[in-house]
Amino acid sequence: MRHVTLVDIFKHHITRKYLNRSGVHHAVTAAYYAFDLAIENHVSVDLATKAALLHDIGHYEWYNSEGKWDYDEYRQNDIHAIKGAERAHKLLIRLGEDRIAAKQISVAILLHTDSYLPFTLQGKQTPLQEVITLADNKDEQPKGLHHYKKMDPSEAITQLHKLDLLVEASLNKDQEVIG
Ligand SMILES: [Fe+2]
């Protein structure tokens, strides 16, 4: 039994505020990709879908000295993975998430990209962290256009409810195999 669902996470005002910046469409799409990739790679579907939904929650608006949006400058100075890991952890704990799960999700967000690090993470990620990177990359478009694809909040809730049911079914199936 999961402590927190994807719909619980999405409905929280902190999630809504920050996902509006980085794109609800991208977050929901990445969560679906993460579900399939988690099954393929024998990773927890619960952790993978939550980490993928929240992986870009640390994005913020970045303007250059003239007050204009500059994607390249943003990329150079961006630390969204660090901010996202902290935000996601705080949010999950507030929602009542299991502490071990909250940490794993948060670290997967921290390490879903190495764009802010002076070294590569290739070959150093856990399978869960790798799944989040792959799910993110699958939806990526040039110049960050994937952040601008729109999805209505009501549509997002419908999609996430469906994904919650898939996650529950997959977890129950695993439980039967163990039992
Ligand atoms: Fe992303």
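Output the 0 to 90 degree angle, nearest 10, between the alpha-carbon long axis of helix 24-40 and the longest principal axis computed from the alpha carbons of the chain.
Between helix and principal axis, roughly 40 degrees.
Run through the range 22-100 and list the GluC sites (Glu not before Pro) located in a DSSP loop whose Cβ has at most 14 other Cβ atoms within 10 Å.
Values: sites: GLU40, GLU61, GLU66, GLU73, GLU86, GLU97; in loops: GLU61, GLU66, GLU97.
Within the range 22-100, the qualifying GluC sites (Glu not before Pro) (loop, at most 14 other Cβ atoms within 10 Å) are GLU61, GLU66.
Using alpha-carbon positions, what is the distance between the centroids of the range 42-109 and the range 129-179, in Å?
Here the two parts' Cα centres lie 15 Å apart.
Given the chain, report the % of alpha carbon pairs whose separation exceeds 31 Å.
Details: 1945 of 15931 pairs.
That fraction is 12 percent.
For the range 50-130, which trypsin sites (Lys or Arg not before Pro) are in a loop by DSSP, counting at most 12 other Cβ atoms within 10 Å?
Listed in order of number, the matching sites are LYS68, LYS124.
Please go through the residue pairs LYS149/LYS173; LYS68/LYS149; LYS124/LYS150; LYS17/LYS149; LYS83/LYS150 and name each one whose alpha carbons sit more than 27 Å apart in this structure. Walk me through the numbers before you get to the answer.
Working: LYS149/LYS173 34 Å; LYS68/LYS149 20 Å; LYS124/LYS150 34 Å; LYS17/LYS149 16 Å; LYS83/LYS150 23 Å.
From LYS149/LYS173; LYS68/LYS149; LYS124/LYS150; LYS17/LYS149; LYS83/LYS150, over 27 Å: LYS149/LYS173; LYS124/LYS150.
Work out the charge dipole of the range 6-147 with +1 on the Cβ of Lys and Arg and -1 on the Cβ of Asp and Glu about the Cα centre, then indicate which of LEU121, ALA51, PRO142 is farthest towards its positive end.
Among LEU121, ALA51, PRO142, the one farthest towards the positive end of the dipole of the range 6-147 is ALA51.
Against the longest alpha carbon principal axis of the chain, how many degrees, from 0 to 90 and to the nearest 10, is the axis of helix 45-54 turned?
The answer is roughly 20 degrees.
Mind putting together the pair-distance distribution for the range 41-109? All Cα pairs, 5 Å bins, whole percent per bin, short to long.
The distribution over the range 41-109 is 3, 17, 24, 18, 12, 10, 8, 5, 2, 0, given as percents.
Here, each number is a calculation from the coordinates, and none is a lab measurement. Please read these numbers as outputs of a predicted model, since none were measured by experiment. All Cβ positions, glycine included, derive from the backbone under ideal geometry; neighbour counts span all protein chains shown.
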